[in-house]
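Scroll down for the structure; my scribbles are underneath it.
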Amino acid sequence: MRQKLIAGNWKMNGLKADSQELVAGILSGLRATPVSADILICPPFTLTASVAVAVQGSPICVGVQDVSDAPKSSGAYTGEISAEMAADIGATYAIVGHSERRAMYGESNTVVRAKAENVLKAGLTAIVCVGETLEERESGQALAVVGEQVMHSCPTQTDGTNLVVAYEPVWAIGTGKVPTTADVAEMHASIRARLNDLLGHEAAERVRILYGGSVKPANAAELLSVSDVDGALIGGASLKAADFLAIAETQK
Ligand code: PGA
C-alpha cells in the first residue's frame with residue numbers, strides 16, 4: 001500500500017510574517033483533525049529553514065522547489081543551492097522539473113534527471129514533475145510526451161521509496177481546469193508502466209504518482225480516489241490553510 005502524499009508548492013510566494021501564519025494555521029488544523037496522508041510543504045528557499053523549525057515534532061515534512069544540477073554539492077556555482085544544502089536546513093523532499101522551470105528556464109529532461117540524481121545522492125526524496133501542454137493533449141500526444149519525460153528525467157538508482165512522480169498537465173496548472181478522472185487514470189497507469197520499464201516491477205510499485213493542476217477542496221476527494229493517484233501536488237490552494245487542510249482532510 002502506498003501512503004498518500006499531500007504536497008503544497010508555494011512557488012515564489014511567502015514572506016516571513018505571512019508564512020508563519022500559514023504554517024501555524026496548518027499545524028493547528030492537523031492537530032485538531034489528524035489525517036492519514038503524509039503532508040509536505042515546499043516553501044521558497046528563503047523560508048525553508050524557518051518552516052522546518054516551525055514544523056519540528058509535527059507530522060509535516062518540508063521540501064524545496066528546486067536544486068542545482070551542478071556536478072558537485074559545493075563550489076563555484078554562484079546563485080545555486082545544492083541538494084545537500086537543502087538537506088542541511090531540514091528539507092527531506094525536493095521538487096525538480098516543474099513545468100514552470102521547464103518552460104521558463106529551459107530545463108531539459110537531462111537537466112531534470114541530473115537534479116533528481118543530486119537529490120537522491122543527498123538523501124532526499126525527489127518529486128519529478130511531468131506533464132503535457134494543451135497542444136500536445138489536443139493532438140493526441142499526451143501519453144507519448146509524458147512517457148518520454150518519465151523515461152528521461154527520472155533517476156534509475158532508486159528502489160522507488162525515494163522517488164515521487166507528479167503528473168501535472170501544463171494546461172491545468174493555475175487555470176481551474178482539470179482533466180477527466182478517466183484521463184487521469186489513463187495517464188497514471190501509463191506512467192506506472194513506464195516506471196516499470198525503467199526501474200522494474202518492485203521499485204515501480206513503490207513510486208508514488210501525484211496528480212497536480214488546479215487541485216481544490218471541491219475536486220480533491222474525486223481526484224485522490226482515482227486508481228494510481230497516490231497524492232496531490234497543490235499550488236494555489238496550498239497558500240490558504242483552510243483549503244490545504246480541506247484537501248488533506250479528504251484522507252482521514
Ligand atoms: P495549481 O498549481 O494547484 O495552482 O494549479 C499546481 C502546481 O503547479 O504544482
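Every number in this text was worked out from the coordinates using simple rules, so none of it is lab data. Note that the structure is a prediction, hence the values are computed from the model and not measured. Neighbour counts run over all protein chains shown; Cβ positions are idealised from the backbone, glycine included.
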- Pairwise Cα inverse-distance average, inverted: Kirkwood Rh of the stretch 56-151 (Å): 14.3 Å
- Message: Check which residues have an amide H placed less than 5 Å from ASP66's amide H, if you skip close sequence neighbours.
- Response: ILE95
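Over every pair of different alpha-carbon atoms in the stretch 188-252, take the mean of 1/r and invert it; report that Kirkwood radius in Å.
Hydrodynamic radius (Kirkwood, Cα only) of the stretch 188-252 equals 12.6 Å.
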- Message: So if a site counts as exposed when it's one of the chymotrypsin sites (Phe, Trp or Tyr not before Pro), its DSSP state isn't H, G, I, E or B, and it has at most 15 other Cβ atoms within 10 Å, what's the longest stretch of the chain without one?
- Response: 106-252
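Before rounding to the nearest 500, sum -39500 (n - 2.57) across all DSSP H runs of length at least 4 in the chain and divide by the residue total; then give [θ] at 222 nm in deg cm²/dmol. Walk me through the intermediate numbers first.
Numbers: 11 runs with 110 residues, N = 252.
Helices in the chain give a 222 nm mean residue ellipticity of -13000 deg cm²/dmol.
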- Task: Hey, can you grab everything whose amide H is under 5 Å from the amide H of VAL128? Only 5+ residues off in sequence or another chain; H modelled, so Pro and N-termini drop out.
- Result: VAL96, VAL164, VAL165, ALA166
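What does DSSP give for the chain in terms of the percent of beta bridges that are antiparallel, rounded to the nearest 5? Let's see the in-between values first.
On the way: 0 of 29 bridges.
Within the chain, antiparallel bridges account for around 0 percent of the total.
Which pairs in the list LYS115/LYS252; LYS115/LYS216; LYS72/LYS240 are over 32 Å apart, alpha-carbon to alpha-carbon?
Check vs 32 Å cut-off fails for LYS115/LYS252; LYS72/LYS240.
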- Task: Enter the Cα centre distance for the pair the stretch 181-204 and the stretch 83-129, rounded to the nearest angstrom.
- Result: 21 Å
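Rounded, prolate or oblate: pick one for the stretch 6-49, where a ≥ b ≥ c are the square roots of the eigenvalues of its C-alpha gyration tensor, a/c under 1.5 means rounded, and failing that, prolate if a/b is larger than b/c, else oblate.
Details: a/c = 2.91, a/b = 1.56, b/c = 1.87.
Verdict is oblate for the stretch 6-49.
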- Please list the non-local residues whose amide H lies under 5 Å from the amide H of GLU107, H modeled 1.01 Å from N, same-chain partners needing a gap of 5 or more. ARG102
- Item | the chain - Rg (one decimal) and Dmax (whole number), Cα, Å | 16.8, 48
- Task: Report the residue, chosen from VAL119, VAL67, VAL23, that carries the largest GNM mean-square fluctuation when the chain is represented by alpha-carbon nodes joined by springs under 10 Å.
- Result: VAL23
- Here the stretch 21-34 yields Karplus 3J(HN,Hα) values (6.51, -1.76, 1.60; θ = phi - 60°; whole Hz; Gly and Pro given as x) of 5, 5, 5, 4, x, 5, 4, 6, x, 6, 5, 6, 10, x
